[in-house]
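The values are calculated or read from the model by the stated rules, or taken from the named source; none is laboratory data. Computed from a prediction, not measured in an experiment: that's the story for all the values here. All Cβ positions, glycine included, derive from the backbone under ideal geometry; neighbour counts span all protein chains shown.
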Amino acid sequence: MKYVHVGVNVTNLEKSVIFYEKLFGVKPVKVKVDYAKFLLNQPGLNFTLNVRDEVKGNQINHFGFQIEAASEIYEHKVRLEKEGFFAREEMDTNCCYALQDKFWVTDPDGNEWEFFYPKGNLSALPAADTTECECCS
């Protein structure tokens, strides 16, 4: 396999292309009136935007990039904040049975993107009365 393919419905192609150019750091390889395609080699991702009249944000729980080194979390966060994104940070969080450092950004249609670095496995999720681990619930 060369690429994982993800197709996302969007309501405004222009705004979404601008967001994803900044998020991925590359321009789309194809843009039509109702469609755009990004090809990323690292990670191997064929990502398409498909225009629809209505999108009820985050129909998929979330998207994410697992980072190889802890220092990369801050590098990506700083890069995206310079692009004008608000990054919601969660450091030393118990999520999905792992201790993680992460941050989140949201696209124009409400889809969340997580950049995360797993620091170690945990045997339990956080207690039900905490706000941690929203991505696993």
Original post:
For Phe65, are the conditions met, namely being aromatic (Phe, Trp, Tyr), loosely packed, with under 15 Cβ neighbours inside 10 Å and within 23 Å of Pro118 (Cα to Cα)?
Top reply: no
Original post:
In segment 11-25, which residues are within 19 Å of Trp104 (Cα to Cα) and either exposed (fewer than 13 other Cβ atoms within 10 Å of the Cβ) or touching a helix residue (DSSP H, G or I) at 6+ places or on another chain (Cβ under 6 Å) (or both)?
Top reply: Gly25
**OP:** Go through Val4, Val33, Val55 for me and flag whichever is surrounded by 12 or more Cβ atoms within 10 Å (Cβ to Cβ) and modelled with pLDDT under 95.
**Re:** Val55
Original post:
Which condition number in (1) touching a His at 6+ places or on another chain (Cβ under 9 Å); (2) modelled with pLDDT under 90; (3) surrounded by fewer than 17 Cβ atoms within 10 Å (Cβ to Cβ) is the one that Asn111 fails?
Top reply: (3)
Original post:
Could you give every pair whose Cβ atoms fall below 9 Å, whose first residue belongs to segment 66-90 and is polar (S, T, N, Q), and whose second residue is assigned to a loop (DSSP other than H, G, I, E, B), counting only separations of at least 6 or pairs across chains?
Top reply: Gln66/Pro43
Original post:
With respect to Leu45, is the statement that it is touching a residue at least 60 places away in the same chain (Cβ under 8 Å) and either surrounded by 12 or more Cβ atoms within 10 Å (Cβ to Cβ) or closer than 17 Å to Glu114 by Cα (or both) true?
Top reply: no
**OP:** Take segment 72-108 and flag every residue that is out of contact with any strand residue (DSSP E or B) (no Cβ under 9 Å at 6 or more places or on another chain) and of a type in the set (Gly, Ala, Ser).
**Re:** Gly84
Original post:
Out of all the residues in segment 69-88, which are under 14 Å from Tyr117 (Cβ atoms) and not small (Gly, Ala, Ser)?
Top reply: Glu72, Ile73, Tyr74, Glu75, His76, Lys77
